[in-house]
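Below is one structure, written out as structure tokens; the observations come after it.
The values are calculated or read from the model by the stated rules, or taken from the named source; none is laboratory data. It should be emphasised that the depicted structure is a prediction, and the values quoted were computed from it without experimental measurement. All Cβ positions, even for glycine, are placed from backbone atoms using ideal geometry, and neighbour counts span all protein chains on display.
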Amino acid sequence: MKIFSIKTILLVVLSWGIVFGALSHVGSSGVLFQGQAGAYRVLVNLQPPDVIPGTAQITVYVETGNVKRVHARPIYFRTGAEGAPSSDEILPTPHHAGQFQGIVWLMASGASSVQITLEGDEGIQQLVVPIVAISTAKRDMPAGLGMLLSLLGILLVVILVTAIGASASDGLLRAGNQLTPQQRKTRWLHMGIATVSCLAILYGGSSWWNSWSDDYRQYMYKPLEGKSSVINQNNERVFQLKIDTLSLLQSRQRRTSLSFLVPDHGKLMHLFLVRQHTLDAFAHLHPERRDTTTFEAYLPKLPAGKYLVYADIVQRSGFTETITDTVDIPAFYGKGQLKTDPEDTYVVSDPLNRPKQIPMDENVVICGKPGSKTKLQDGSTVVWEGKSDMAFEAGKPYQLAFEVFDPNGNPALLEPYLGMNGHAAIVRADGSVYIHLHPVGTYSMAAQQTMQTRIADTTRIYRLQNDTKAFRDSIDRYLAHLKTLAPTERDQLLMSSMNSNISHDMKEMKHENRIVFPYAFPKAGQYRIFLQIKRNGQVLTGIFDANVNSTSL
């Protein structure tokens, strides 16, 4: 397993905001990209800035090929490549061959990307890493800086008042003369006027500052909110998610319109349900849109309990979001055989920290750990490469590698699943971290494709279509067309719509039994990994636990 290892003063004082690199995650900032750029295979770790404008930290690991120079520049959806700034050089890291580190300025919030150019023995190649950069928090000014600025302000006021008083008295005296009583009165009068004026200016400045600070709060990112419930529909449990649009109306920063959602991996929404605290029941569903704000899906035979809800959507600009909630699922009733989507899946397993306490269910899988062999629903097995006692370190990028074997112990043939060789969902024990992973990284395929299309467009300022009905109808027709295709045809269509390098990667990996996901656990704690692959037309889910320690200094 591999381990990879001039902002204005006003902005510094106003806020030290937190920015999420990809908001279709919860608790995982930054973006990991792994893939091919021509003959070069690279891993890119992109950490967004704390505030916008700000600098994103970029680390490029060259896995294959001799790369000599690396450049990076931001490309925003609105202005495209034609309106993008020039590139900044990403410099080689001393004593680390094939590693480059540097920064790139992000001057606009929202959906954007970083275009990375690689120069080496195999020529010049480019890749695009999508990123969502949004300020999500406001921090107070550090106490030491506030005290220093206050003392400097008092000193400047004293100097200014004294200078004004002197200019109206001492500055008018001839050499050797003394101030008259009238001149002393004049000096104190002018100093008084200057003091009142300075206080008025300070009060006005303070009011302006507080107003700007309050205005800044209106532009901070606030996640979409949704209300989940389970309804009885013809004696079947149906999950329903209603997205709250009130926050969209109140936010001055947001430009979200739920009528302009685009599918990711052929699905308008990816919904993950995980039983809270124990993480022993898991479902990956694809609800259908009933109206602009309502999505519904038939529930499989999940056991009763309170579940964490993570619902991923993508806007047409490539802006990705995850709607979070909890929902109480009642005890099973009905037949539980109806599926909203053929690729809807679920499994149950042993509870967290209570191994081998397995419920009775036809979709049971035993939770594994690094180095152990875990059996899947069809009798095949999957091995997570690594040592059984391995403890990961927060903040370090890892290659999470899995090998799949058929029931006879031979390397298994993996089939494309939603256009990829596999998917993974990672959830922290307390639910504070969630991410939907792919072998190519932690970003959305739809977001990258959107940015690739925008870069190819030479329009300097992009004007978005505002006809909600026409846009929704076109998306609905596309989704309906996908449903008419056989799984093989659908996966081929989804892969062909991806970036050419990623599509090439998927085709090359199709005949392998090994699948690798790049990921950096954001903080210490217990995590559960839900690995999803496809064999013989069946979606299989393997479950693994990981212990993550705090970052070492």
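Taking region 125-171 as the search range and keeping residues that are part of a loop (DSSP other than H, G, I, E, B) and hydroxyl-bearing (Ser, Thr, Tyr), which one is modelled with the lowest pLDDT?
In the first step, residues of region 125-171 are kept if they are part of a loop (DSSP other than H, G, I, E, B); the result is 134, 136-142, 168-169.
Narrowing the set further to residues that are hydroxyl-bearing (Ser, Thr, Tyr) leaves 136, 169.
Working: 136: 65, 169: 82.
That would be 136.
Considering only residues in region 139-190 that are out of contact with any Cys (no Cβ under 6 Å at 6 or more places or on another chain) and β-branched (Val, Ile, Thr), the one that is farthest from residue 214 (Cα to Cα) turns out to be 180. Among the residues examined, residue 55 does not qualify as part of a strand (DSSP E or B), farther than 30 Å from residue 217 by Cβ and of a type in the set (Ser, Thr, Tyr).
Counting only residues that are surrounded by 11 or more Cβ atoms within 10 Å (Cβ to Cβ) and modelled with pLDDT of 85 or more, region 197-224 holds 6 of them. The strands (runs of 3 or more DSSP E) found entirely in region 308-418 that carry 3 or more residues being closer than 15 Å to residue 542 by Cα and of a type in the set (A, V, I, L, M) are 397-405. Looking only at residues that are small (Gly, Ala, Ser) and assigned to a helix (DSSP H, G or I) in region 431-449, which one is nearest to the chain's Cα centre (by Cα)? Going through the qualifying residues, I end up with 447.
Let's see how each residue does on (1) buried (at least 16 other Cβ atoms within 10 Å of the Cβ); (2) out of contact with any Gly (no Cβ under 9 Å at 6 or more places or on another chain); (3) within 30 Å of residue 489 (Cα to Cα); (4) at pLDDT 90 or above:
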position	(1), (2), (3), (4)
281	yes, no, no, yes
284	yes, yes, yes, yes
296	yes, yes, yes, yes
331	no, yes, no, yes
354	no, yes, no, no
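Does region 142-154 include one or more residues that are among the hydrophobic types (A, V, I, L, M, F, W, C) and in contact with a strand residue (DSSP E or B) (Cβ under 7 Å, 6 or more places away or on another chain)? Please lay out each step first, then the result.
So the first thing to find is which residues in region 142-154 are among the hydrophobic types (A, V, I, L, M, F, W, C), and the list is 143, 145, 147-149, 151-152, 154.
Cutting the leftovers down to in contact with a strand residue (DSSP E or B) (Cβ under 7 Å, 6 or more places away or on another chain) gives us none.
Checking region 142-154: not a single residue is among the hydrophobic types (A, V, I, L, M, F, W, C) and in contact with a strand residue (DSSP E or B) (Cβ under 7 Å, 6 or more places away or on another chain).
Considering the conditions (1) more than 25 Å from the chain's Cα centre (by Cα); (2) crowded, with 19+ Cβ neighbours inside 10 Å; (3) among the small types (Gly, Ala, Ser), residue 143 is excluded by exactly one of them, (2).
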